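Worksheet for the structure shown next.
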Amino acid sequence: MKGKPCALCWVALVVFAASANACRMTSPPPEGGQARPTLRGTLTYPQRIALPPDAVVTVALVEQRGKAAAAVVLRETSFPAAGREVPLGFVLPYDPAGIDPARHYALRARVTDAAGVTLWATRRPVPVLTHGHGETADIRLAPALASHRLAPPVTLFFDCPERPFSLRHEGEGVRLRFEDGELFLLPAPAASGAKYTDGENVFWQKGDEAQVEFSGSPPMTCRHNPRRAVWEDARLNGVDFRAVGNEPGWYLEIREGTPFAAIDLVADYGNLYYSFPNGRLEPGPREGSLRYAAALGAHRIVVTLEPAECRDAMSGERFETAVEVRIDHDTYRGCGRRLSNGR
């Protein structure tokens with residue numbers, strides 16, 4: 001009986017939730033008796049800790065945006081753990097008509113107690129449905145305090161009097177990359193801040209500043225450059241060209257390949273996130289210019305790169321390429337630069 005709770009429905013719900021793949025649907029099945037497609041998988045965590053008997057599991061399908069905080073919940077299901085241990089199976093029906101092949105979707109989950117306090121949660125959503133991802137997912141949970149802390153930045157960049165470098169956390173250590181090589185350092189005891197060493201070289205960070213000592217040379221003070229870090233992070237992630245713009249804030253990343261280029265656009269201050277894996281490189285409208293064009297689902301994107309001096313309106317930073325992005329009925333203009341050798 002659509003939309004009207006009844007005792008029989010509640011009994012059926014409790015019985016269904018007690019099964020290994022329990023799931024509470026948040027809306028009735030579609031008309032005509034045809035079952036909706038479902039997302040399936042398991043929830044687990046490595047610690048050997050039993051869940052409390054009143055624990056409740058929630059799994060949500062979200063559309064990812066350019067910022068994690070902007071993710072939109074499309075579908076959600078909750079069920080009691082009922083004293084079971086991990087791995088816990090789940091089933092989450094979804095509406096394929098609401099899935100846009102150019103956008104990004106993921107599953108996130110949490111385990112709460114009867115008072116609603118989060119005990120376990122996903123650190124990062126698990127991609128599903130588009131861009132090569134399917135309908136199954138194994139979701140790894142972490143203790144809630146760790147899950148809700150901000151992860152360290154993927155890439156940092158430090159300006160130094162000599163040998164500027166990028167830094168990335170890898171496992172327990174950090175990897176420093178210079179123009180002439182790299183170092184991998186492990187944690188070392190420190191009264192404050194974060195200190196790493198390999199026995200000869202030392203990196204000691206306190207806030208935005210770091211003391212660096214190379215093979216017994218006098219220590220030098222370096223300072224984190226967050227603007228440079230964004231571009232270095234993109235380069236290390238295989239991005240060949242990156243562009244930015246303002247009002248509203250947006251950025252574009254292109255990874256060149258054969259025969260297609262992958263194009264990612266994050267626009268409207270992170271509220272829109274599109275990916276096109278099938279970009280084609282074409283001659284631009286003027287001599288020396290280039291154009292990338294792609295279409296996916298109902299969306300079409302055209303990116304034009306013009307070799308011209310370009311200055312970012314907000315930061316004043318200078319670039320060597322003027323960029324225009326047209327997607328559907330919207331146009332974005334900004335500046336960009338190549339991050340690797342190539343065309």
(message) Which condition from (1) open to solvent by 20 Å² or more (accessible area, probe 1.4 Å); (2) at pLDDT below 95; (3) over 22 Å from the mean Cα position of the chain (by Cα) is the one that P277 breaks?
(response) (3)
(message) Being farther than 26 Å from G297 by Cα and surrounded by fewer than 19 Cβ atoms within 10 Å (Cβ to Cβ) is the filter here; which residues of region 93-118 pass it?
(response) D113, A114, A115, G116, V117, T118
(request) Take region 185-244 and flag every residue that is among the acidic types (D, E) and exposed (fewer than 12 other Cβ atoms within 10 Å of the Cβ). (result) E200
(request) Collect the residues in region 328-343 that are assigned to a strand (DSSP E or B) and either open to solvent by 10 Å² or more (accessible area, probe 1.4 Å) or of a type in the set (A, V, I, L, M) (or both), keeping them in residue-number order. (result) D330, T331, Y332, R333, G334, R337, R338
(request) Considering only region 93-139, give the strands (runs of 3 or more DSSP E) lying wholly within it that have at least 2 residues that are at positive phi, under 19 Å from the mean Cα position of the chain (by Cα) and among the aromatic types (F, W, Y). (result) none
(message) I want to confirm something. Restricting to region 108-127 and keeping residues that are touching a residue at least 60 places away in the same chain (Cβ under 8 Å) and in contact with a Ser or Thr (Cβ under 8 Å, 6 or more places away or on another chain), which single residue is farthest from G279 (Cα to Cα)?
(response) L119
(message) Being modelled with pLDDT under 85, surrounded by 15 or more Cβ atoms within 10 Å (Cβ to Cβ), of a type in the set (G, A, S) and in contact with a Phe, Trp or Tyr (Cβ under 7 Å, 6 or more places away or on another chain): is that true of G41 here?
(response) no
(request) Go through region 169-182 and give me each residue that's on the phi < 0 side of the Ramachandran plot and open to solvent by 40 Å² or more (accessible area, probe 1.4 Å). (result) H169, E170, E172, R175, R177, E179, D180, E182
(message) Residues that are closer than 29 Å to L296 by Cβ, open to solvent by less than 80 Å² (accessible area, probe 1.4 Å), at pLDDT 85 or above and not hydroxyl-bearing (S, T, Y): does region 141-158 have at least one?
(response) no
(message) Residues that are under 27 Å from the mean Cα position of the chain (by Cα) and either assigned to a loop (DSSP other than H, G, I, E, B) or without any contact (Cβ under 8 Å) to a residue 24 or more places away in the chain (or both): does region 211-223 have at least one?
(response) no
(request) Give the residues of region 59-92 that are open to solvent by less than 10 Å² (accessible area, probe 1.4 Å) and either part of a strand (DSSP E or B) or at pLDDT 90 or above (or both), sorted by residue number. (result) V59, A60, L61, V62, T77, F79, L88, G89, F90, L92
(request) Starting from residues that are modelled with pLDDT of 80 or more and among the polar types (S, T, N, Q), keep the ones in region 44-58 and report whichever is most open to solvent (accessible area, probe 1.4 Å). (result) T44
(request) May I ask you to list the residues in region 171-191 that are of a type outside the set (F, W, Y), out of contact with any Phe, Trp or Tyr (no Cβ under 7 Å at 6 or more places or on another chain) and within 26 Å of R227 (Cβ to Cβ)? (result) E179, D180, G181, E182, L183
(request) Under 7 Å between Cβ atoms, at least 6 apart or on separate chains: pull out the pairs that start in region 181-210 with a residue that is more than 19 Å from E170 (Cβ to Cβ) and part of a strand (DSSP E or B) and end on any residue that is of a type in the set (G, A, S) and open to solvent by 50 Å² or more (accessible area, probe 1.4 Å). (result) K206/S192; K206/G193
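The values are calculated or read from the model by the stated rules, or taken from the named source; none is laboratory data. Note that this is a predicted model, so its numbers are computed, not measured. Cβ coordinates were reconstructed from backbone atoms using ideal geometry, including for glycine residues, and neighbour counts include every protein chain displayed. Surface accessibility is based on the protein's heavy atoms, side chains included, excluding ligands, DNA and RNA. Shrake-Rupley method; radii C 1.70, N 1.55, O 1.52, S 1.80 Å.
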